[in-house]
Every structure is written in C-alpha cells, then in structure tokens.
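**Student:** This is the structure I have questions about; it appears just below.
The values are calculated or read from the model by the stated rules, or taken from the named source; none is laboratory data. Quick caveat, the model's predicted, so the values are computed rather than measured. Cβ: placed from backbone, ideal geometry, glycine included. Neighbour counts: every protein chain shown.
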Amino acid sequence: MVSILSIRLVDEFASFAPAGTFESFRADLGLTYREAATVLAAIGIGGVLGGGFSILADTRSRRVIASFGAFMYSAVMITFAVAHNYETMLVASVGLGVAATAMVDAIELAIIDLAGTQLEATLARINVAASAGDFVGPGMIAAIAAVGWSWRIAFILTAVVTGLYGIVIASTSLPSPLHNRTPQDNAEAIPRRSILAILRRRAVWQFGAAGAMLVALDESFFAFTLALFERERGYSTAAATLFATSIVVGGLLMSVALARDVHRVWTPESRMVTSASILVVSVFGLALLAHPVSAIFMGISLGAATIAFWIPFQAVVLAAFPGQAGTAKAIVGAIEMLGLLIPPCIGWISDRHGLTTGLVAYSAAPIMLLLLVPRNSPSVGAGTAPA
C-alpha cells in the first residue's frame with residue numbers, strides 16, 4: 001500500500017525537474033523564452049494524449065499500465081538529460097505528460113477499489129506525499145545548483161528514481177478492473193461507446209469546467225502573484241519565496257487534517273462550497289492587501305482551501321462513473337485543459353492595467369468554481385461512516 005500511496009510524491013518530485021531547470025536549459029541550449037515556455041506547455045498536451053491509458057485502465061491491468069508509465073517516465077528523463085536541441089526537448093516534454101498520466105491514473109484507479117468508503121482520506125494521504133514532493137523537488141534543484149553540477153544531473157537523478165519506482169510497481173499486486181470482461185467483450189468497441197455515453201452526461205462537462213478553474217489557480221496564478229509582490233510591491237525574491245512556501249504549507253496542513261478524517265461531519269458538497277468561498281476571499285486578499293503578514297495568511301488559506309476543494313472534488317469525480325472512472329478521468333482532464341486559456345487573458349489585462357488589476361480579475365476563477373460545485377454528490381466515503 002505504501003508504494004501506491006507514494007505515487008504523487010514520485011510524480012511531483014520528478015515532474016518539477018523541467019520547471020526547476022527552466023532558465024538553465026534555456027541558456028545552455030540557446031532557446032528563446034517562447035521556445036522554453038513551449039517545452040513546459042507541451043507537458044499538458046502529453047497529459048491529454050496519455051488519457052488513452054486512463055481509458056485502458058478501466059479494462060486492462062493497472063499494474064502493467066502503471067509500471068509501463070514509470071519506465072517511460074524514466075526513459076523520457078534520460079531523453080531530457082541528453083537533449084541538445086529544441087525539438088528533442090519538445091518531444092521529451094510531450095512524452096513526460098503521457099508517462100505521468102499513465103503511471104498516476106492507473107494507480108489512482110486501483111486506489112478507488114482499495115479505499116472503499118475511505119476514498120477521500122486515502123486521497124488526502126496521497127496528497128500529503130505530494131506535498132513532500134513539492135519540497136523535495138526544489139530541494140534537489142537547489143542542491144545541484146549549490147555544488148555547481150549541470151542541470152542535466154537533475155534529469156538523471158529523476159530517471160533513476162522513476163525507474164526504480166517502475167520496478168516496485170511491477171512487483172506490486174494491484175486490483176484488476178471491477179467489471180471484468182470476457183474475450184468476446186474485448187472484441188467489441190466498448191471504449192468508444194463508453195466515451196460517447198459519458199460525453200452525453202451533463203455531469204462530466206460540469207466536472208471538467210470546475211477542473212478548468214482549478215487548473216487556472218495552479219502554477220500560473222502563483223507566478224502572477226509573485227510578480228505582483230516583487231514588481232509592484234517591492235518585496236525581495238526571498239520574501240516572495242516565503243509567500244510561495246506558505247501556500248504549500250497550507251495545502252500540507254489541510255491534507256494532514258483530511259487524512260485524519262476530521263472532515264466527516266461535513267458533506268462533500270458543503271466542503272466544496274466553503275472552500276470555493278474561501279478561495280474567492282483569498283484571491284481578493286492577495287490582490288488588495290499589501291502587508292506581508294496578510295500575504296502569508298492569505299497564502300496559507302489559499303493552499304488549504306485549494307486542497308479542501310480538490311480532494312472531495314476528485315473523490316466525487318472518481319465515484320460518479322462506476323466501472324468507467326478511467327474513461328471519465330481522461331475526458332474530464334481534456335476539458336480541464338481549457339483552463340490554460342485563462343492565464344494569457346490575465347496577462348493581457350496585466351499588460352494594460354497592471355498586475356493588481358490582473359489578480360483581481362483572477363477572482364473570476366474561484367467565483368466560477370463556486371457556481372460549478374457538483375450538487376447532490378454521491379457518497380464517496382467522507383460523509384459515510386465505515387461499515
């Protein structure tokens with residue numbers, strides 16, 4: 001169980017390497033900022049393509065898919081390490097998105113079967129591990145820079161870690177899909193029919209739209225907020241980094257609380273409504289309150305509220321499509337990519353009216369999230385006492 005619960009730790013640790021070495025590989029390979037940014041953006045494209053493995057995980061061996069994803073992850077990291085041009089970096093970036101989706105989604109689908117009524121608590125424990133990865137990844141990059149090693153070492157180290165993780169997963173027993181199919185079933189076009197059936201459900205579009213708002217409130221939101229604090233409020237880089245750390249700390253504290261089941265007195269819907277409301281206040285607070293203590297407090301509340309929304313949201317999505325969770329996850333993930341259109345719009349506003357106005361405009365994302373909270377959500381364990 002420990003090996004699969006550590007999935008997000010491995011993923012967060014390894015996937016930070018491209019972002020953490022951004023300026024180093026850009027300068028070394030002679031890339032423009034547009035090219036280097038495209039390398040990072042291509043990971044998202046790979047994630048959408050990797051949705052095919054999520055669909056397969058509904059009907060095929062999760063262990064085979066997850067271990068394949070981990071070994072592919074390792075191979076992609078080696079490709080990054082030996083790359084000497086833009087094209088190779090771009091291909092590796094797409095491959096990273098595919099590999100991460102295959103590895104993570106196959107294991108998370110297995111977790112649904114293993115968790116039972118404890119799905120939310122299990123997702124929270126996974127997120128505690130992910131928060132550890134959020135610290136370990138940057139720590140690795142900082143250590144490599146401190147000793148003067150090449151940025152390529154970061155990718156070699158992550159290749160070793162993901163390769164070893166692949167060996168662990170390959171030797172771990174994961175539950176098979178619950179809706180076992182016969183050889184005759186396998187000859188039919190069930191995946192295609194399954195996709196069409198899910199696309200006709202209003203819930204999947206609502207989940208995807210809500211997920212798009214969460215995507216918009218991820219790294220790009222942090223980037224705009226840090227730019228505001230450094231450029232318009234005159235804070236040092238160290239102070240801005242402290243703020244960024246406060247977000248991670250808030251998320252970690254909330255993950256620990258949810259893992260301990262302190263949330264069982266609230267329904268998933270009530271927690272998502274409350275969390276989205278706090279996100280609205282936090283975004284406005286970061287945009288309008290200039291005092292550093294206020295910024296740290298808002299950072300902690302932002303991180304905590306994001307996790308408090310994300311965990312029941314993920315549980316609801318995974319539980320809403322019995323036997324088709326992988327297919328639904330792939331479709332929802334593809335719709336979520338629309339959230340990537342929001343940061344360029346915020347950039348356009350910031351260029352013309354300043355970063356403060358841009359951050360205020362960002363509040364539209366949590367407001368929409370509040371309106372998109374899934375209503376009448378199925379019980380996913382958090383609001384249900386264990387049998």
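One line per residue, one yes/no per condition, for (1) touching a helix residue (DSSP H, G or I) at 6+ places or on another chain (Cβ under 8 Å); (2) modelled with pLDDT of 85 or more:
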| site | (1), (2) |
| --- | --- |
| V262 | no, no |
| M272 | yes, yes |
| I278 | yes, yes |
| S282 | yes, yes |
| M298 | yes, yes |
| A304 | yes, yes |
| F321 | yes, no |
| G326 | yes, no |
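**Student:** How do the helices (runs of 4 or more DSSP H) wholly within the range 4-119 filter down when requiring 1 or more residues that are touching a helix residue (DSSP H, G or I) at 6+ places or on another chain (Cβ under 6 Å) and among the β-branched types (V, I, T): which remain?
**Tutor:** Working: elements: 7-20, 22-29, 33-49, 51-56, 62-82, 86-115.
Filter on the range 4-119 gives 7-20, 33-49, 51-56, 62-82, 86-115.
**Student:** With the requirement that a residue be closer than 20 Å to A154 by Cβ, over 14 Å from the mean Cα position of the chain (by Cα) and buried (at least 20 other Cβ atoms within 10 Å of the Cβ), what does the range 37-53 give you?
**Tutor:** Residues satisfying the conditions are V39, A42.
**Student:** Which residue, of T21, T38, is without any contact (Cβ under 8 Å) to a residue 60 or more places away in the chain and either of a type in the set (S, T, Y) or outside the structural domain of I144 (by TED's automatic domain parsing) (or both)?
**Tutor:** When all the criteria are applied, what remains is T38.
**Student:** Here are some residues: A334, A328, A365, A361. Which one is part of a helix (DSSP H, G or I) and under 19 Å from F229 (Cα atoms)?
**Tutor:** Being part of a helix (DSSP H, G or I) and under 19 Å from F229 (Cα atoms) holds for just one of A334, A328, A365, A361, which is A361.
**Student:** Step by step: first the residues of the range 292-325, then only those that are touching a residue at least 40 places away in the same chain (Cβ under 8 Å) and β-branched (V, I, T), then the one that is surrounded by the fewest Cβ atoms within 10 Å (Cβ to Cβ). Which residue is that?
**Tutor:** I296
**Student:** If you scan the range 219-236, which residues turn out to be of a type outside the set (G, A, S) and touching a residue at least 12 places away in the same chain (Cβ under 8 Å)?
**Tutor:** Correct list: E219, F221, F222, F224, T225, L226, L228, F229, R231, E232, R233, Y235.
**Student:** Which of the helices (runs of 4 or more DSSP H) contained wholly in the range 145-249 include at least 3 residues that are surrounded by 14 or more Cβ atoms within 10 Å (Cβ to Cβ) and at pLDDT below 80?
**Tutor:** Per the criteria, 190-199, 219-227.
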